[in-house]
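Here the structure comes first, spelled out in structure tokens, and everything after it is commentary.
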Amino acid sequence: MLRRVRATVALIVTVSLILLAVGPAAASDGGGEAGATAQGTEVTEAGRIDGAPNAGKREQSSYRQTMKQFESKLQPASPELPDIAAQGSAYAAVSDPALFERSGEEVLWNSDRGWAEWNVTVPEDGLYEIGIVYDSANDFAVDIVRGVQIDGAYPFQEAERIRLKRAYSHDPYPPERDDFGNDRRPQSQEVKGWKNELLADYDVNEGPLRWPFTKGEHTIRLVAENQPMKIKQIYVSAPKPPPSYAEASAQNGGGTAQEAAAGKEEPWITVIEAEKISRKSDASIQLQSSDYPLISPETDGLIRYNSLGGEQFRQSGQWAEWEFEVPKDGVYQIGFKYLQTYLNNFSAYRTISIDGAPLYRDMEQVAFPYDTSWRNLTLSDSSGEAMSLPLAKGKHTLRMTATAAPIKPVYDGILRSMDRLSALESAIRKVTGNFDKSFTDNGNIDLNRDWELDKYMPDLADRMNVIIDELTALSDLLGTLSTGGKSDVENALRIAADDLADMRDHPRDIPNELGKFSKMQSSLSTWLFRMLDQPVLFDYLYVAEPGADIPRATANFFESLGHSIVSFFRTFTIDYDFRRKEPGAIDVWVNRGRDYVNLIQQLADETFTPETGITVNVNIVPDPQMFILGNAAGIQPDVALGIDSAMPADFAMRGALLDLSSFADYGEVAGKFHPGALRVFHYDRGDYALPEIQGFNVLAYRTDIMEQLGLTPPETWDDMYGMLSTLQQNGYDFYLPPKDYMTFLFQNGAELYTEDGLKSALDSEKAYQGFRQLTEMFTLYQLPRDVPSFFNHFRLGDMPIGIIDFNSYLQTEFAAPEIAGKWAIAPLPGIRSADGVVERWSGGAMQAGVIFKNTDKRDDAWQFLKWWTSEATQARFGTDIEAIFGPEYRWNTANMKAFTRLPWPAEDLKVIQEQRKWFKEAPQVPGGYFTSRQLEFAWNKAVVEKKNVREALEQAVIDTNREMYRKQIEFGLREKKGTVLHQLDVPNVTEPWDGEESP
Amino acid sequence: MSTITETASPYAESAKPLKPKRPGLLARIWEHRVSYLFIAPFIITFVLFILIPVLVAIGLSFFSFNAISMPKFIGWDNFLAILTQDRIFLQYAIPNTFKFALIVGPGGYMLSFFLAWLIHQLPKAVRDWFTLAIYAPSLASGVAFAVVWPVIFSGDRVGYLNNLLLSWGVINQPVLWLQDPKYFMAIMIGISLWASMGVGFLAMLAGLQTVNKELYEAGAIDGISNRLQEIFYLTIPAIKPQMLFGAVMAVVGTLKAGQIGAILAGAPITPQYSGHLIINHIDDFAVIRYELGYAAALSVLLLLLVYGATKFSFQLFGNKGDE
């Protein structure tokens, strides 16, 4: 026995030694493909984005590495070279002519797929910049993304996703005021028109990207990643880097400063309010109302949009533009009043360009250091002296672009270390034969056995040293960037380095504490999350002749005190409830944030009231409990919105809501919603609510990792079992929300209640199958039972596939830029029915609108609810809320048609629509809340206590029935002795529905 | 007291002739109107926020009320149901509450006294710091429950306790502490003990400082030979009022506890009712099932329970007669 173990170990060791000899990363190659070894050394060097244990074999090198490579060989092309341009319509080849539409010199690329190629002839070898004259081709508020290939290959990794920004302006500006005198947030209106931009990625470089070309003919291919677009021209031009201020002023003989100082009149100064932008790149760059002393203009205790940015202006590549005019030719100083309390002990960076380009190199990385109060920052050169910028008389445009380039090396370094850590971890796992990462981190290993790991992996200490050194170096680098004081990230890096050093010194213990690796990686990754963010809040900009008096930014003690006192006394004069109380109007209570409520009010005033003559008071209800308490106190609205899905039936049972099906046109109105959603609001032959928003579950997966493992997203759960072994053998996991019992019950054809709604139907054989399937996922198949943040695991790549809901979908879409384009969604795995259809039943969170029974304006209220849930209003609301707050505020309307009119990525929309066909939520019956409670108990018994599944489920059924019985007596459905007096009807949904034809 | 009034009061002259006739109640109240003014703030808030709600709850317990429709009078039915049909109440809520209250109440109480006594032995300079350290958990408990403890008992490997035990080799796999009914109650009790050094503890500490030092000297002369005797024969009798106060606070506090289970479980219902206390049961009926009458009946029972336990504390520490 022992001998056999030794033999196996020896074999593993030999294999891993061979692999190690070829290159460190080869050992991380789970499948053991021989082809992968060629790039072995390359992999650990490359700044790989995904930290998965054995991800990405054919990775590109990053922009920085590519540039370093070319440093000696290729020079930037000489600036005198003329641009080499190609008309948009003059493309050389396209993937599919049907996607492209030429007109004149422009081409409309009306799709987010395919590719197009242009030919350019480059006169000499060198590094060039690529420019493009483009416009957007629709109104979706998301970036246009294209990959750029030169001669059929991406020259560097960043070229795979080049973002082309749209331009927006605020409309109306200055903002309108609402009834209380508060500013109404203006919409971001896209400004169409040709935009001429040099391709850039402000994550890696604050200027345009440079592309290597040799002399001769080349093809530039654009590969669609997101959004259709129009292209007028593509051109290659020689880089024209700005001179440094010191050089330039030396050339001018340093006369500029004195010249200005000699001026006899009062030096001129103008202040441009930051909120008064002319253009911005993202709808999500937001106006803010900031109440501080000395803020300009004052808020007077109300909402006044008087500043711009903050957390809403942080992603690199986002820009804002302001226009200003100077009275005469001359030199000027430019500065900003800013607040940067966001990045503890760090600076946030901006690139400032004037009329299209930074005048000096010193304007490419302007640091806004951390400070707890407002500060002025005048653009200065490296020595700290304010720069005098020569400007001609007339109008100028100042553009400020957020850039993360200075911090990017640290970011890349951390990623690299994480990669090395996971490579090292999997190498050790190969030696010890411990691959079980699913739930028990030490898994199937014998804890009492120890390993002379340094014998099996002679380079172990070296490999760890590399990581330790890198982490220490990064921490030092961060120290130099800090604005004083140690930052949290810096400390985290040092701790990780210390931990590693400790492991290096005790190699024998390593196999028993492999979990430390993933812990280290996850702690590093939490810092990565927001590392590239560059938030700054701006109050105003100033352009001044040297020597002008610049308004003071920081308030002194008395000003602060005065401000506080005035604010205090304002609380007596301003009613901060902002409740609208127009007499004769219908009262609408909304359980959502102020932003949503204001927009609903605005839309109602704009379209509903003029159309119907019904006025509406929309007010906030901060806590849903208020509906119950208000009810007890006799205070009730006519309509309530934003109600959670269980509440309508609860209220309906007690007779507080109006039965909407009593309206003649209810059938027509309800036809726009999924029957699987509507049945939640059905109680005893009545329908009491209309859904507003409706979530979904989808399967998200990392395309890069799945491809590399040779896996495709599973269609059915059987497929999923099939792929699980491959996943788990390679140290990956599948994420399933632990207590999502409904998916499995419904897919197995079970129902929660009998047709008369009086008994639990979980005693059926189908329900048992479904419940057993769910529990076996966590017992037999060892899926992780407790995952606090799947999102982070997904980004990291150690759980490359899992089931997510609508919110996680948005989070992944908008908060994980580093995996953009590397993941996709698919419908949930299902169960193949007898006739070959995969049934994917699953639920999703909903919110609904209801009408209270005591209303004296029944018909008005119904009209309002109809208007609100109509396709036009929902689509308008969805687009408006995104226009105001950015795409993160995606409105997942329950109206099936309006849903398709929102700016979903085309591929995702198809998947989500397919999944929404199979929407089914739990019906509500008296005592129904016991179903989820008892199922959770049963899950707990079966999974945690490892008790018999059937027994656990049967106990759940008994207890649920008992509670339902009790409740039925309360609601008069049963006599006290148990005779049934009245039967309910629980609508069943057995067919998928895509919203096209009425059910 | 009365002698002083008679000599000092300017009304003494006019009061004298009335003396033979005992004034009516209202007149006496009017006479002492200033005293009533002084207790008014307490009386008003007490009536408004304690007395009326309690009376309403008692009234409501005879009704069936679902928060929306009109309450319906049903007599003793609620109480009948509680005592004969409510399996969860009898099987989980009552035993859990007793288990919890018996350990946390007297346990926390003794711990309070012991720690107070221990701190009292410290030099004055450091005493306040220890007091603060021990008292702080009860102040911060709400936040700590929600933030600190779930992290410590987190069910994955990163949870502090799991991590520690794993690294010491006590366990081989992470334990789902807060999902396993086996551990849940024990964790609740542990945390509650940690947070139980509240006002009772402070009162005892203050009481200890009022004990006359000469007593100990006298005791020593009278033959007290060790610290334990000192505690039993001198310290405890000397701080009886504070001990009573501490006991009442402990009893009421533990019977009222309930929030902690819900916070730890992250849901109003604890796993398999393992931490289901009477308060949770009341919440369950009031907020989830909307049976406010039934919940009121449960609260009345709880009130009786608290009253009984308090009476018992008075038996133990109250002043028998006027000592």
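The values are calculated or read from the model by the stated rules, or taken from the named source; none is laboratory data. This is a predicted model, so every value here is computed, not measured. Note that each Cβ is placed from the backbone with ideal geometry, even for glycine, and that neighbours are counted across all protein chains shown.
State all residues of the stretch A:275-288 that are crowded, with 19+ Cβ neighbours inside 10 Å, closer than 13 Å to residue A:399 by Cβ and not charged (D, E, K, R); if no residue qualifies, say none.
The answer is A:277, A:281, A:285.
If only one of B:59, B:75 is more than 24 Å from residue B:280 (Cβ to Cβ) and either within 11 Å of chain A (Cβ to nearest Cβ) or out of contact with any His (no Cβ under 9 Å at 6 or more places or on another chain) (or both), which one is it?
The unique qualifying residue is B:75.
With the structure loaded, tell me whether residue A:204 is more than 25 Å from residue A:80 (Cα to Cα) and either surrounded by fewer than 19 Cβ atoms within 10 Å (Cβ to Cβ) or in contact (Cβ under 8 Å) with a residue 24 or more places away in the chain (or both) or whether it fails that test.
Criteria met by residue A:204.
Any residue in the stretch B:42-55 that's in contact (Cβ under 8 Å) with a residue 60 or more places away in the chain: show its pairings with residues that are assigned to a helix (DSSP H, G or I) and not charged (D, E, K, R) at Cβ separation under 8 Å, as long as the two are six or more apart or on different chains.
Correct list of pairs: B:54/B:303.
Residues that are within 14 Å of chain B (Cβ to nearest Cβ) and within 29 Å of the chain's Cα centre (by Cα), at least 2 per element: which strands (runs of 3 or more DSSP E) completely within the stretch A:616-733 meet that?
By residue number, no strands (runs of 3 or more DSSP E) qualify.
Could you please give the count of residues in the stretch A:311-323 that are surrounded by fewer than 21 Cβ atoms within 10 Å (Cβ to Cβ) and either in a strand (DSSP E or B) or polar (S, T, N, Q) (or both)?
Number of matching residues: 3.
Please give the number of the condition residue B:233 fails out of (1) surrounded by 23 or more Cβ atoms within 10 Å (Cβ to Cβ); (2) away from every other protein chain (no Cβ under 14 Å).
All conditions are met except number (1).
Among the candidates A:951, A:907, A:888, A:921, single out the residue that is at pLDDT 90 or above and assigned to a helix (DSSP H, G or I).
A:951
Go through (1) buried (at least 17 other Cβ atoms within 10 Å of the Cβ); (2) at pLDDT below 90 one by one and return the number of the condition residue A:977 breaks.
Unmet condition: (1).
For the stretch B:257-275, how many residues meet the condition of being in contact (Cβ under 8 Å) with a residue 40 or more places away in the chain, within 19 Å of the chain's Cα centre (by Cα) and either under 18 Å from residue B:299 (Cβ atoms) or within 10 Å of another protein chain (Cβ to nearest Cβ) (or both)?
3
Do the conditions hold for residue A:610, that is, is it surrounded by fewer than 16 Cβ atoms within 10 Å (Cβ to Cβ), without any contact (Cβ under 8 Å) to a residue 60 or more places away in the chain, away from every other protein chain (no Cβ under 14 Å) and of a type outside the set (Val, Ile, Thr)?
So residue A:610 passes the test.
Kindly check whether there is at least one residue in the stretch A:585-594 that is of a type in the set (Gly, Ala, Ser), within 14 Å of another protein chain (Cβ to nearest Cβ) and out of contact with any Asp or Glu (no Cβ under 6 Å at 6 or more places or on another chain).
no
Test of understanding: among A:957, A:989, A:943, which residue is on the phi < 0 side of the Ramachandran plot and in contact with a strand residue (DSSP E or B) (Cβ under 6 Å, 6 or more places away or on another chain)?
Exactly one residue qualifies, and that residue is A:957.
For the subset of the stretch A:675-724 comprising residues that are small (Gly, Ala, Ser) and out of contact with any Gly (no Cβ under 9 Å at 6 or more places or on another chain), which member is surrounded by the most Cβ atoms within 10 Å (Cβ to Cβ)?
A:686
With the structure loaded, tell me whether residue B:288 is among the hydrophobic types (A, V, I, L, M, F, W, C), touching a Lys or Arg at 6+ places or on another chain (Cβ under 8 Å) and closer than 17 Å to residue B:89 by Cβ or whether it fails that test.
Spelling it out, it is not the case that residue B:288 is among the hydrophobic types (A, V, I, L, M, F, W, C), touching a Lys or Arg at 6+ places or on another chain (Cβ under 8 Å) and closer than 17 Å to residue B:89 by Cβ.
Would you kindly identify the helices (runs of 4 or more DSSP H) lying entirely within the stretch B:117-206 that contain at least 1 residues that are touching a helix residue (DSSP H, G or I) at 6+ places or on another chain (Cβ under 7 Å), without any contact (Cβ under 8 Å) to a residue 24 or more places away in the chain and within 14 Å of chain A (Cβ to nearest Cβ)?
Answer list for the stretch B:117-206: B:124-152, B:160-168.
Would you confirm whether or not the stretch A:386-397 contains a residue that is among the charged types (D, E, K, R), in contact with a Pro (Cβ under 7 Å, 6 or more places away or on another chain) and modelled with pLDDT of 90 or more?
yes
Tell me which residues, restricted to the stretch A:978-999, are over 41 Å from the mean Cα position of the chain (by Cα), away from chain B (no Cβ under 14 Å) and part of a loop (DSSP other than H, G, I, E, B).
A:979, A:981, A:982, A:983, A:984, A:985
May I ask you to list the residues in the stretch B:81-116 that are within 14 Å of chain A (Cβ to nearest Cβ) and either under 30 Å from residue B:212 (Cα atoms) or among the acidic types (Asp, Glu) (or both)?
B:86
Hey, which of the strands (runs of 3 or more DSSP E) in the stretch A:86-191, taking only ones fully inside, have at least 2 residues that are at negative phi and in contact with a Lys or Arg (Cβ under 9 Å, 6 or more places away or on another chain)?
A:106-109, A:115-122, A:126-136, A:144-150, A:162-164, A:168-171, A:187-190
Tell me the residue from A:921, A:907 that is charged (D, E, K, R) and surrounded by 17 or more Cβ atoms within 10 Å (Cβ to Cβ), please.
Residue meeting the stated conditions: A:921.
Would you mention how many residues in the stretch A:601-622 are of a type outside the set (A, V, I, L, M) and within 16 Å of residue A:642 (Cα to Cα)?
Number satisfying all stated conditions: 4.
Assuming residue A:528 fulfils every condition listed in (1) in a loop (DSSP other than H, G, I, E, B); (2) modelled with pLDDT under 85 apart from one, which condition is it?
Of (1) in a loop (DSSP other than H, G, I, E, B); (2) modelled with pLDDT under 85, only one is false for residue A:528: (1).
When the residues of the stretch B:283-311 are filtered to those that are more than 14 Å from every other protein chain (Cβ to nearest Cβ) and free of Cβ contacts under 8 Å to residues at least 24 places away in the same chain, which remaining residue is farthest from residue B:185 (Cα to Cα)?
B:311
Among the listed residues A:962, A:916, which satisfies the condition of being within 11 Å of another protein chain (Cβ to nearest Cβ) and part of a helix (DSSP H, G or I)?
It is A:962.
Please specify each residue of the stretch A:567-591 satisfying the condition of being buried (at least 18 other Cβ atoms within 10 Å of the Cβ) and either modelled with pLDDT of 85 or more or out of contact with any strand residue (DSSP E or B) (no Cβ under 7 Å at 6 or more places or on another chain) (or both).
Within the stretch A:567-591, A:578, A:585, A:586, A:587, A:588, A:589, A:590, A:591 meet the criteria.
Checking residue B:280 against (1) touching a Phe, Trp or Tyr at 6+ places or on another chain (Cβ under 8 Å); (2) within 14 Å of chain A (Cβ to nearest Cβ), which single condition isn't satisfied?
(1)
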